[in-house]
Amino acid sequence: MKKYYPPVRTLHLYIGLFVSPFVLIFSISVLVLNHAGYLNSVMPVKRLPVIKTHLDKIPYDTSDLQTAKAITQKLGIKGEIDFISKNDDHISFPVTLPGERTKIEVNKHTNEVLITRDEEGVLRATNYLHKMPGPHNTQIRGNATFMKTWRLLADMVVYLLLFLSASGIFLWYFLKAERKLGWLAIISGAIIFTGLLLFIIG
């Protein structure tokens, strides 16, 4: 097994460097989620001026997602369509890019469009990336190119982190001088995790 030590060590090092920006994004987003009230006080969401316009030939006779995508294409608005609400008179939906959220509401009788847009900032953008693509509205999730790409990247980072964990244990096994401290770290982590889990579930 010792012959695998050099290549595993090299992979461990460079994969760790590769995933470090993604880990940083996820770490920042957790702090932002935990301290949302403070963020709102020091960096409030900025509401941009409301835009009213009119569109022609909106295809209402297709699926809701295709209708929404046609509307955003006509308006030149890019982003992920998070969900769609509609009734006999209106169709509305939010379109999100990390750090920016746009709400589009269309009067189906007149094709009049009301657009409201919020600038949420870079820190809230990490929140969005942390939570998405997510399990909600799976029937429409991933309708934007950037979200499809982010989904692949997020999956890749998870697999690479699993490799880093496994390779870290492999490398530690051959460092006899660190054997005792390594066992102490593993056991301590397991005890703390188990204690927190039992506390949470009551």
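Observations on the model:
- Identity of the residue in region 38-85, of a type in the set (A, V, I, L, M) and assigned to a strand (DSSP E or B), that ends up nearest to the chain's Cα centre (by Cα): Ile81
- Filter pass, Leu65 being out of contact with any Pro (no Cβ under 9 Å at 6 or more places or on another chain), within 28 Å of Arg124 (Cβ to Cβ) and open to solvent by less than 100 Å² (accessible area, probe 1.4 Å): yes
- In the set (1) in contact with a Ser or Thr (Cβ under 9 Å, 6 or more places away or on another chain); (2) open to solvent by less than 50 Å² (accessible area, probe 1.4 Å); (3) of a type outside the set (Gly, Ala, Ser), Ile71 fails one condition alone, (1).
The values are calculated or read from the model by the stated rules, or taken from the named source; none is laboratory data. What you are looking at is a predicted structure, and each value in this text was computed from that prediction instead of being measured. Because the Cβ atoms are built from the backbone with ideal geometry, glycine has one as well, and the counts that use them run over all protein chains shown. With ligands, DNA and RNA removed, areas are computed over all heavy atoms of the protein, side chains included. Shrake-Rupley method; radii C 1.70, N 1.55, O 1.52, S 1.80 Å.
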